[in-house]
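These notes concern the structure reproduced below.
The values are calculated or read from the model by the stated rules, or taken from the named source; none is laboratory data. Given the structure is predicted, the values throughout are model-derived calculations rather than measurements. Every residue, glycine as well, gets a Cβ built from its backbone with ideal geometry; the counts of neighbours run over all protein chains shown. Areas reflect the complete protein model, heavy atoms only, side chains present, ligands, DNA and RNA absent. Shrake-Rupley method; radii C 1.70, N 1.55, O 1.52, S 1.80 Å.
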Amino acid sequence: YMGKIFSSLRTRTAHETDKRIKLMDEIISGVQIIKLYAWENYFSTVIAKLRRQEINIITLENFTNGIFMTLQFCVARFGLFGALTTQVLWEAI
């Protein structure tokens with residue numbers, strides 16, 4: 001289940017990154033035209049918006065990964081604790 005979530009988030013991250021990189025490539029190719037018509041502000045806001053979307057997805061991906069790692073760490077410890085507690089109580093009876 002967690003693998004599907006990570007895969008989905010990674011796909012979304014890659015898609016957003018590709019959109020931003022493609023736009024940056026187009027801007028670099030047409031920098032003279034952008035300067036000629038003074039479109040710098042427009043393109044900077046578009047790039048900032050795409051980057052913000054990309055960062056939001058990366059943040060969600062990292063948050064999900066942190067939760068998964070925390071659960072993985074805790075479940076192992078609680079499982080060991082439960083097994084040892086059961087063993088001690090079983091022998092006490």
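Which of Leu71, Thr59, Leu36 sits farthest toward the positive end of the charge dipole of the chain, with +1 on the Cβ of Lys and Arg and -1 on the Cβ of Asp and Glu?
Sorting the options by dipole projection puts first Leu36.
Per residue, how many Å² of accessible area does the chain show with a 1.4 Å probe? Walk me through the numbers on the way to the answer.
Working: 7600 Å² over 93 residues.
Value for the chain: 82 Å² per residue.
Report, to the nearest 10°, how far helix 2-29 tilts away from the longest principal axis of the Cα atoms in the chain, using its own Cα long axis and a range of 0 to 90°.
With rounding to tens, the tilt is 20 degrees.
Taking only DSSP H segments of four or more residues, each worth -39500 (n - 2.57), what value at 222 nm results for the chain once the sum is divided by all its residues, to the nearest 500 deg cm²/dmol?
Details: 3 runs with 88 residues, N = 93.
Rounded to the nearest 500, it is -34000 deg cm²/dmol.
Probe radius 1.4 Å, ligands and nucleic acids ignored: give me the carbon and sulfur share of the accessible area of the chain as a rounded percent. Show your work: numbers first, answer last.
Working: 5060 of 7600 Å².
That fraction is 67 percent.
Obtain the nm distance between the two label points defined at Ser29 and Arg52 by a simple spin-label model: each point lies 7 Å from its Cα along the Cα-to-C-beta direction.
Computed distance between label sites Ser29 and Arg52 equals 2.7 nm.
Can you give the angle from 0 to 90° between the axis of helix 40-92 and the longest principal axis of the chain, with both taken from C-alpha atoms, to the nearest 10?
Value to nearest ten degrees: 10.
Rank by packing, highest mean first: peptides 46-57, 23-34, 68-79, with packing defined as the count of other Cβ atoms within 10 Å averaged across residues.
On the way: 46-57: 14.2, 23-34: 12.1, 68-79: 10.4.
Top to bottom by mean Cβ count within 10 Å: 46-57, 23-34, 68-79.
Compute the FRET efficiency between Phe68 and Lys19 as 1/(1 + (r/R0)^6), taking r as their Cβ-Cβ distance and R0 = 30 Å, and round to the nearest 0.05. All intermediate terms of the calculation are to be shown ahead of the outcome.
Working: r = 27 Å, r/R0 = 0.89.
FRET efficiency, Phe68 to Lys19: 0.65.
What shape does region 35-84 take by its C-alpha gyration tensor, where a ≥ b ≥ c are the square roots of the eigenvalues and a/c under 1.5 counts as rounded, a/b above b/c as prolate, and the rest as oblate?
On the way: a/c = 12.48, a/b = 10.06, b/c = 1.24.
Prolate is the answer for region 35-84, as a/c is 1.5 or above and a/b outweighs b/c.
Name the residue farthest towards the positive end of the dipole of region 1-56 from the options Val46, Met24, Met2, assuming +1 on Cβ of Lys and Arg, -1 on Cβ of Asp and Glu, about the Cα centre.
Of the listed residues, the answer is Met2.
Dividing the Cα convex hull volume of the chain by residue count, how many Å³ per residue is that?
Values: hull volume 7.3 nm³, N = 93.
Each residue corresponds to 78 Å³ of Cα convex hull volume.
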